[in-house]
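Following: one structure in structure tokens, then a few remarks.
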Number of protein chains: 2
Amino acid sequence: MKNIKPTESELEILNVIWDKGQATVRDVHEVLETQKQSGYTTTLKLMQIMYEKGLLEREASGKSHVYKATIEREEAQGQMLQRMIDNVFSGSASQLVMQALGHHKSTPDELDAIREYLKTLE
Amino acid sequence: MKNIKPTESELEILNVIWDKGQATVRDVHEVLETQKQSGYTTTLKLMQIMYEKGLLEREASGKSHVYKATIEREEAQGQMLQRMIDNVFSGSASQLVMQALGHHKSTPDELDAIREYLKTLE
DNA sequence: CATTTGCTACGAATATATTCGTAATAAAGA
DNA sequence: TCTTTATTACGAATATATTCGTAGCAAATG
């Protein structure tokens, strides 16, 4: 089980790739451009580094490469969450949960979904 | 409302100070030493930087300084949580909550506490 | 009074992350 | 065929974070 710790920029890229399933540098760059100003080669370089780190895998396709994430979104979310629980909430997941529920006005539907989910955890 | 983004090392220091209420460099260093090997002046330098950034305030006490956090633990937790919700869970707090509940076997007591808490959110 | 101890300040080395320019290359288009 | 375009690779500049050595100083100790 791989343990990842993406930087902020890497996470932005992962989010695009997770959304799309797979993507070229150009695909990713076009999305990132809408969020913040940045050069194409910046995105390229980051994705090359992520490939070297093993965060992404890639496959040649004509002149370019098609990248995929080597870890599922849920798996990565779980790891990042665990790190936050450990480092910020002294290891208490329930503390984190209550903070999250308290600060963000969730809709009644969302709260219901959580209640349902709690039932399945018995 | 100040918006903080402590680095990993800064967070370790903040945790000690939040636990103690206030602390000197030596106090902090003694705790950190039990967690990882590091030099006294490293801790000192970090706390000086945190002071410059406004993360800590300090007061001379004899030859040394007594430091306090300029932000409450809960406030900081809330901000870090919000950032994670935005960057990792596409803005969905309930997604984060369910991930947290699913991955970490909370005790029945904790789950009860969360259920109670949900009731108060109606 | 001289020495040791414990503190701050600060510069510098190192590591890591981010950004971008330039070169090489191959495909597409005129 | 010649030129433009889109791509990768890579080096380098910049920014940020981390670590520690050294100097200066004052208090405590012998």
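In table form, for the structure just shown:
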{"item": "Shortest-first nm distances, A:LYS68 label point to equivalent points in other copies (7 Å, Cα→Cβ)", "result": "5.5"}
{"item": "Shielding of B:83-96 by partner chains, average beta-carbon count, 10 Å", "result": "6"}
{"item": "Whole-angstrom gap from the stretch A:61-77 to the stretch B:67-97, using each part's C-alpha centre", "result": "27 Å"}
{"item": "Å² of accessible area per residue within chain A, as computed with a 1.4 Å probe and no ligands counted", "result": "56 Å²"}
{"item": "From phi via Karplus (6.51, -1.76, 1.60), per-residue ³J(HN,Hα) for the stretch A:92-100 in Hz, x at Gly/Pro", "result": "9, 5, 5, 4, 4, 4, 5, 4, 4"}
{"item": "The stretch A:73-120: projected area of the alpha-carbon convex hull, averaged over directions, in nm²", "result": "3.9 nm²"}
{"item": "Quarter of Cα convex hull surface for the protein assembly as shown, i.e. mean projection, nm²", "result": "16.7 nm²"}
{"item": "Semi-axis lengths, Å, chain B, gyration tensor of Cα atoms, sqrt of 5 times eigenvalues", "result": "33, 16, 15"}
{"item": "Residues of type lysines that B:LYS68 reaches as a straight line, Cα spacing below 20 Å, ignoring anything fewer than 8 places off in the same chain", "result": "B:LYS2, B:LYS5, B:LYS20, B:LYS45, B:LYS53"}
{"item": "Sites matching GluC sites (Glu not before Pro) across the stretch B:1-86 that sit in DSSP coil, with at most 16 neighbouring C-beta atoms within 10 Å", "result": "B:GLU72"}
{"item": "Size of the B/A contact, given as accessible area buried on both chains, probe 1.4 Å, in Å²", "result": "3700 Å²"}
{"item": "Inter-probe distance in nm under a simple model that places probes 7 Å from Cα toward Cβ, at A:GLU57 and A:SER90", "result": "4.2 nm"}
{"item": "Neighbour-limited loop hits for trypsin sites (Lys or Arg not before Pro), the stretch B:18-84 (at most 15 other Cβ within 10 Å; DSSP other than H, G, I, E, B)", "result": "B:LYS36, B:LYS63"}
{"item": "The stretch A:8-69: equivalent-ellipsoid semi-axes (sqrt of 5 x gyration tensor eigenvalues, Cα, Å)", "result": "16, 12, 11"}
{"item": "Nearest 10 degrees, 0 to 90: helix B:108-119 Cα axis against chain B principal axis", "result": "80 degrees"}
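The values are calculated or read from the model by the stated rules, or taken from the named source; none is laboratory data. On a predicted model such as this, the values are computed, not experimentally measured, just so you know. Note that each Cβ is placed from the backbone with ideal geometry, even for glycine, and that neighbours are counted across all protein chains shown. Just the protein is used for accessible areas: all its heavy atoms, side chains included, with ligands, DNA and RNA removed. Shrake-Rupley method; radii C 1.70, N 1.55, O 1.52, S 1.80 Å.
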